[in-house]
Each structure stands twice: as C-alpha cells, then as structure tokens.
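The values are calculated or read from the model by the stated rules, or taken from the named source; none is laboratory data. Here the structure is a predicted model, which is why all the values come from computation and not from measurement. Cβ coordinates were reconstructed from backbone atoms using ideal geometry, including for glycine residues, and neighbour counts include every protein chain displayed. Side chains included, ligands, DNA and RNA excluded: accessible areas come from the protein's heavy atoms. Shrake-Rupley method; radii C 1.70, N 1.55, O 1.52, S 1.80 Å.
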Amino acid sequence: MTKRAPVNQKTFSAWLALLPLFILVVGFTFFPLIKILFIGLGKTVQPFQINSFALLVKDANFRQALKNTLILCLGVVPASLVIGFFLAWAVSEVRLLRPVWRTIYLLPLASGFVGLTILMQGLFQFRQGLMNEGLKLGGWTVRHWLQIPTAANAAFMVTVLIQGLGLSFVIFVAKIRTLQHRQAIYQLAAIDGASPRQQLRYVTLPALKTTFWVVLLVELMFVLQLFDQAYIFFNHHLVSQHLGFTLTYYVYQTFWQQHNYQLAVAAALVLMGLMVLGMIIPLCCLKKHPRNFTPQIKAL
C-alpha cells in the first residue's frame with residue numbers, strides 16, 4: 001500500500017490564495033442562480049417544469065435576447081481578441097512613451113464598467129454630446145443618436161468592445177513580456193534571417209496559443225454576463241428595444257419585473273448552460289497545448 005504524497009507547501013499556498021476568489025465566485029455567481037432555481041421549485045409560486053423550456057422557446061422576448069447575446073458574442077469576442085493582441089504587441093515593441101501607452105489602454109479597465117458606460121453614453125447625447133458638438137462645428141445636422149436603433153446598437157457594441165479590450169490587453173501584455181525575457185528564442189530566429197514580421201508569425205503567435213484560449217474564455221464570460229452596461233446605456237426602460245436586451249437582462253426582467261418565475265428559471269438554466277459550454281470548449285483546447293513552449297526554428 002503506497003503512502004499518499006505530502007501536500008506541497010507551494011500548492012497549499014496557491015489554493016489558500018485562491019480561496020477568497022472562490023468564495024466570491026460561488027457567493028455572487030452560482031448561489032444566485034441556484035437560489036432562483038429553488039424559488040422556481042417552491043409551491044407558493046409558479047413551479048418549474050420540463051415544459052418551461054417549450055414555453056421559453058415560444059416567447060418572442062427570449063428569442064430576441066438569445067439573438068442579441070449571440071450577436072454580441074460573435075461581434076465583441078473575436079474583435080477583442082485580435083485588437084487586444086495587436087495593441088499589446090505594439091506597446092511591447094514601441095519603447096517611446098511605453099508607460100504612457102500602457103496607461104491609456106488600461107484606462108477602460110481601471111475606470112470601471114459603470115463609469116465608462118456613462119462616459120460613452122454622454123458622447124452620443126443629443127444635447128452637449130461630443131458627437132453632435134463635432135457635427136455643429138462642421139455645419140452638419142445633429143441627430144438623436146440614441147433614438148436611432150442602428151446607431152444606438154453600434155455605439156453599445158463599441159462600448160462593450162472598449163471595456164473588453166482592457167481585459168484582453170492586460171493578459172496579452174503579461175504573456176508577451178514573459179516571451180521577451182527569453183531573448184534566446186528571438187536571437188535564434190534572427191540568426192536564421194527572420195524579419196520582425198516573421199518572428200511575430202512563427203515565434204510569438206505559436207507561443208500565444210494558450211493565451212488566446214484564456215482570453216477567449218475571459219471575454220466570453222464577460223459578454224454573457226452583461227447587465228450593468230445595458231441598464232445604464234439605454235436608460236433602463238429602452239433596453240428591450242435594443243441590443244442590450246441580453247439573456248442576463250431577460251432573466252432580470254422576467255423574474256423581478258414580471259414575476260414570471262417559471263420562465264425566469266428556464267432562462268437562467270439556459271444562460272448557465274451557455275456559460276458552462278463556453279468554459280468547457282476553451283479548457284479542453286488548453287489541455288492540448290503544452291505549457292512550456294519551445295518553437296521549432298525553421299529556415300524562414
């Protein structure tokens with residue numbers, strides 16, 4: 001009978017450091033969803049049944065919320081991956097005023113989601129908005145941007161994209177800096193005649209495969225949990241008419257405003273399923289990539 005290996009002190013310290021975050025995630029993410037499920041199962045309210053999903057599919061508001069959520073995921077997540085990477089790579093390559101550029105790109109993350117949403121909403125206000133002020137200076141006609149569905153949805157997507165860029169930028173900058181400390185990799189590529197563009201393609205990008213999946217997971221969870229931004233940007237009562245009407249907002253509206261617990265529980269379970277699926281796919285792909293990357297320098 002083999003003895004169990006003693007717990008490594010570093011491993012124990014790492015788990016101890018993650019304990020507060022684990023409590024916060026369970027307390028403020030999973031517990032509310034489970035609480036909604038138990039309320040839906042109560043006898044004093046509408047009970048949750050299997051046919052709740054059939055009723056949910058027939059609900060036009062749910063279909064619109066699901067469509068808006070998918071549009072935001074397909075529009076924001078890939079753009080945040082690409083733009084966040086190139087911004088991080090450019091800042092890492094440029095030495096002139098590098099701390100200033102890092103501070104600028106970190107401002108959306110440091111300012112908070114609510115503050116940035118209010119700022120972006122102010123840009124498109126009919127009165128005293130910077131967009132209309134610029135049109136006045138140019139002699140063009142001012143518009144009610146937030147009352148035009150296409151313009152309002154585009155502005156909201158840009159707002160979410162800017163907020164998401166802060167998350168992806170931080171992760172990419174941290175990983176690129178670790179690569180730059182391994183100068184031998186780039187020196188070998190330079191000796192083989194690789195240009196800076198070829199070093200980016202054959203050395204940097206392959207080494208960031210794992211990081212791309214991590215950023216994809218973070219951005220996907222960020223978009224699926226959108227609520228505050230839509231609530232503020234569209235002034236609460238106009239959310240259902242725009243792109244901000246996501247699954248998260250649908251659960252809030254159905255549960256707290258309409259008191260339709262049956263549909264709210266079913267929608268919450270759908271949202272939870274999307275989150276779990278969004279976590280499983282990147283995590284499975286992460287297992288296929290080794291942690292320690294050693295590029296194969298070929299004749300470039």
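Of note:
- Flag if residue 165 is farther than 24 Å from residue 241 by Cβ and assigned to a helix (DSSP H, G or I): yes
- Checking each residue in segment 124-162 for being in a helix (DSSP H, G or I) and touching a Leu at 6+ places or on another chain (Cβ under 6 Å) picks out 130, 131, 152, 153, 156.
- The single condition among (1) among the basic types (Lys, Arg); (2) within 30 Å of residue 269 (Cβ to Cβ); (3) in contact (Cβ under 8 Å) with a residue 60 or more places away in the chain that residue 102 does not meet is (2).
Each row is one residue, and each column tells you yes or no for (1) under 30 Å from residue 56 (Cα atoms); (2) at pLDDT below 85; (3) exposed (fewer than 14 other Cβ atoms within 10 Å of the Cβ).
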| residue | (1), (2), (3) |
| --- | --- |
| 245 | yes, no, no |
| 270 | yes, no, no |
| 282 | yes, yes, no |
| 298 | no, yes, yes |
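- Checking 129, 138, 115 one by one, the residue that is more than 28 Å from residue 81 (Cβ to Cβ) and surrounded by fewer than 17 Cβ atoms within 10 Å (Cβ to Cβ) is 138 and no other.
- Checked against (1) modelled with pLDDT of 85 or more; (2) open to solvent by less than 70 Å² (accessible area, probe 1.4 Å), residue 277 meets all criteria but (2).
- Selection status of residue 225, modelled with pLDDT of 85 or more and open to solvent by 70 Å² or more (accessible area, probe 1.4 Å): yes
- Pairs linking a residue in segment 220-244 that is among the β-branched types (Val, Ile, Thr) to a residue that is in a loop (DSSP other than H, G, I, E, B), with Cβ atoms under 7 Å and 6 or more positions apart or on different chains, are 239/245.
- Checking each residue of segment 135-148 against the condition of being small (Gly, Ala, Ser) and more than 30 Å from residue 103 (Cβ to Cβ) gives at least one match.
- Helices (runs of 4 or more DSSP H) enclosed by segment 195-279 - at least 2 residues per element that are over 23 Å from the mean Cα position of the chain (by Cα): 196-199
- Just one of the listed residues (43, 67, 35) is at pLDDT 80 or above, open to solvent by 80 Å² or more (accessible area, probe 1.4 Å) and charged (D, E, K, R), namely 67.
- Test: residue 154 is loosely packed, with under 12 Cβ neighbours inside 10 Å and under 27 Å from residue 86 (Cα atoms): no
- Members of segment 82-101 found to be among the aliphatic types (A, V, I, L, M) and either in contact with a Pro (Cβ under 6 Å, 6 or more places away or on another chain) or surrounded by fewer than 19 Cβ atoms within 10 Å (Cβ to Cβ) (or both), listed by number: 82, 83, 90, 94, 96, 97, 100
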